Amino acid sequence: MLRENIKAIRKSKGLTQEELAVKLNVVRQTISKWEQGLSVPDSCMLISISEVLETPVNTLLGETVMESKADELQAISEKLESINLQLAKRRAARRKTMHWLLILLCAVLIIIFVALAALGSPYLSWDYGDPETAVVGVIFHAFEWFFVRLAPIVLIGAIVGMLLMRKKA
């Protein structure tokens with residue numbers, strides 16, 4: 001119902017998807033996804049859409065507005081609250097997952113760095129006369145060379161990401 005209403009009201013106002021997207025500060029594909037029912041705007045965006053289209057949220061959600069009754073407003077309020085809670089839970093879960101992935105990345109980087117330091121580049125003393133040994137030695141050397149140069153940058157980025165992802169009081 002929401003998708004048809006957004007499309008019908010947008011067209012009745014003479015707006016293209018691109019024009020509506022500009023007014024809402026989103027990309028045109030977002031409007032297209034809403035109108036196709038592939039995604040749903042969150043409650044804040046729903047309010048913005050209603051303001052831009054000069055249409056009550058009730059109408060966008062598919063309810064006809066005869067009178068502004070307290071029960072209808074309460075029902076809409078409950079729907080919006082439910083949507084907001086779902087979105088907040090989804091954001092919190094993504095944030096927590098990303099936080100733990102960054103912690104795992106830091107741990108893996110530190111473990112690999114300690115292992116490389118403990119091994120002390122043993123491939124340098126290998127006999128490179130054998131082709132298989134030479135290939136493996138070059139692979140180890142290339143891995144170590146890239147790792148030692150990139151790991152600190154990735155580690156700093158992961159730590160900064162963890163600090164940004166931590167829950168604020």
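The values are calculated or read from the model by the stated rules, or taken from the named source; none is laboratory data. Just so we're clear, the structure is a prediction, and the values are computed from it rather than from any experiment. Here Cβ is always computed from backbone atoms with ideal geometry, including for glycine, and neighbour counts include all displayed protein chains.
Can you pull out the residues in segment 1-29 that are over 21 Å from the mean Cα position of the chain (by Cα), of a type outside the set (S, T, N, Q), in a helix (DSSP H, G or I) and under 16 Å from Ser48 (Cα atoms)?
Leu2, Arg3, Ile6, Lys7, Ile9, Arg10, Glu18, Glu19, Leu20, Val22, Lys23
Residues that are part of a helix (DSSP H, G or I), touching a Gly at 6+ places or on another chain (Cβ under 9 Å) and free of Cβ contacts under 8 Å to residues at least 40 places away in the same chain: does segment 83-100 have at least one?
no
How many residues are charged (D, E, K, R) and closer than 24 Å to Val108 by Cβ when one looks only at segment 118-150?
Number satisfying all stated conditions: 2.
Scan segment 2-39 residue by residue and report those that are of a type in the set (Val, Ile, Thr), surrounded by fewer than 15 Cβ atoms within 10 Å (Cβ to Cβ) and closer than 22 Å to Leu87 by Cα.
Correct list: Val27 only.
Matching residues to (1) modelled with pLDDT under 90; (2) under 24 Å from Asp42 (Cβ atoms); (3) not assigned by TED's automatic domain parsing to the domain that holds Pro41:
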{"site": "Leu73", "(1), (2), (3)": "yes, yes, yes"}
{"site": "Ile76", "(1), (2), (3)": "yes, yes, yes"}
{"site": "Ala107", "(1), (2), (3)": "no, no, yes"}
{"site": "Ile110", "(1), (2), (3)": "no, no, yes"}
{"site": "Ser121", "(1), (2), (3)": "yes, no, yes"}
{"site": "Asp127", "(1), (2), (3)": "yes, no, yes"}
{"site": "Ala151", "(1), (2), (3)": "no, no, yes"}
{"site": "Ile159", "(1), (2), (3)": "no, no, yes"}
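Identify all residues within segment 114-156 that are surrounded by 13 or more Cβ atoms within 10 Å (Cβ to Cβ) and closer than 30 Å to Lys96 by Cβ; write none if there are none.
If the condition is that a residue be surrounded by 13 or more Cβ atoms within 10 Å (Cβ to Cβ) and closer than 30 Å to Lys96 by Cβ, then Phe147, Ala151, Val154, Leu155 are the ones that fit.
Is it the case, given these coordinates, that Lys79 is within 30 Å of Val57 (Cβ to Cβ) and surrounded by 11 or more Cβ atoms within 10 Å (Cβ to Cβ)?
yes
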